[in-house]
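So the structure is just underneath, and the comments pick up after that.
Read-outs throughout are calculated quantities, based only on the coordinates presented, and are distinct from any laboratory measurement. For clarity, every value in this text was computed on a predicted model and none was experimentally measured. Positions of Cβ are generated from backbone atoms using ideal geometry, with glycine treated the same way; all protein chains shown enter the neighbour counts.
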Amino acid sequence: MKFKYIIIFLISFLTNCKSTLQHETRYIYYLHGRIIEIQGRNAYSEEFGNYEFDKIVKALEVYNSKVIAEVRTDDVDNKSYASNISGQIDNLVKRGVKPKNITVVGASKGAIIASTISSINANPINYVVMAGNNEYQEQNNDWKFHGNILCFYDESDKIAGKNYDYWKQKSTDAKSFEQIKIKKNLGHGFLYKPYRDWIIPTKKWIIDQKL
């Protein structure tokens, strides 16, 4: 009889361990730039070179993580797509995933989508937004970020090289809000490759929510 109870105990223990490990998995959403929508995962820009989508996805991996990186198509509506990802985040939290173990990383147009998600989803998850701000965004959006926010910008970026001071001031519900100025002088091209300048702080943000 004792042996039977030991077996039952072990099965219960292993089941609980598996459940705990599943909940501790880190979920990382990578939202790429618009050029991937147009050209696909092997996109190339004459100005910025190859968009190294697969290398970026691989570089974002941390221990016990799942990187979700869908290649969007050109007919995707930003707000609808953001709402869909927001729903997925809600479902993960309902399943028991801790918000600190969910991160959305958005680059260029992906940063616009990530900003929209952060505005509509109140869960205190992590966000990394890169090259997603300019005068147009400030004049045409009313984002109020939630969660832990890390922003990257390069002042040489003629497309979206503005800092995020405006959004930091508006986002009183954000748990934390940090930004890093990239100094590679690559313009918008700094997000085309997994440069250490943004990959290393991003992975630290994913794990620790601090720089």
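If you rank 32, 146 by fewest surrounding Cβ atoms within 10 Å, what's the result?
Numbers: 32 25, 146 21.
If I rank by nearby Cβ atoms, fewest first, I get 146, 32.
Rounded to the nearest 20 debye, the dipole size of the chain about its Cα centre is 1180 debye, using +1 on the Cβ of Lys and Arg and -1 on the Cβ of Asp and Glu. Residues in region 24-30 carry Karplus couplings, in order, of 8, 4, 8, 9, 10, 8, 10 Hz; the curve used is 6.51 cos²θ - 1.76 cosθ + 1.60 with θ = phi - 60°, and Gly or Pro positions show x. Under the criterion of Cα pairs below 8 Å and six or more residues apart, the relative contact order for the chain equals 20 percent. Computed 3J(HN,Hα) for region 103-115, one whole-Hz value per residue from the Karplus formula 6.51 cos²θ - 1.76 cosθ + 1.60 where θ = phi - 60°, is 9, 10, 10, x, 10, 6, 4, x, 5, 5, 5, 4, 5, glycine and proline marked x. Taking amide H positions as modeled 1.01 Å from N, with prolines and chain starts lacking one, the residues under 5 Å from residue 152 and 5 or more places away or on another chain are 129, 130, 131, 180. Note on region 26-208: dipole from Cβ charges, positive end direction compared against 69, 202, 118; the farthest Cα belongs to 202. Each residue of region 151-167 was assigned a 3J(HN,Hα) from its phi angle through the Karplus curve 6.51 cos²θ - 1.76 cosθ + 1.60 (θ = phi - 60°); the sequence is 10, 10, 8, 10, 5, 7, 6, 7, 8, 8, x, 7, 6, 10, 4, 4, 6 Hz, with glycine and proline shown as x. A cut-off of 5 Å between modelled amide H atoms, ignoring neighbours fewer than 5 places along the same chain, links residue 43 with 51. Once amide H atoms are built 1.01 Å from N in the peptide plane, which residues 5 or more positions from residue 162, or in another chain, come under 5 Å H to H? Residues meeting the criterion, in which the H sits 1.01 Å from N, are 133.
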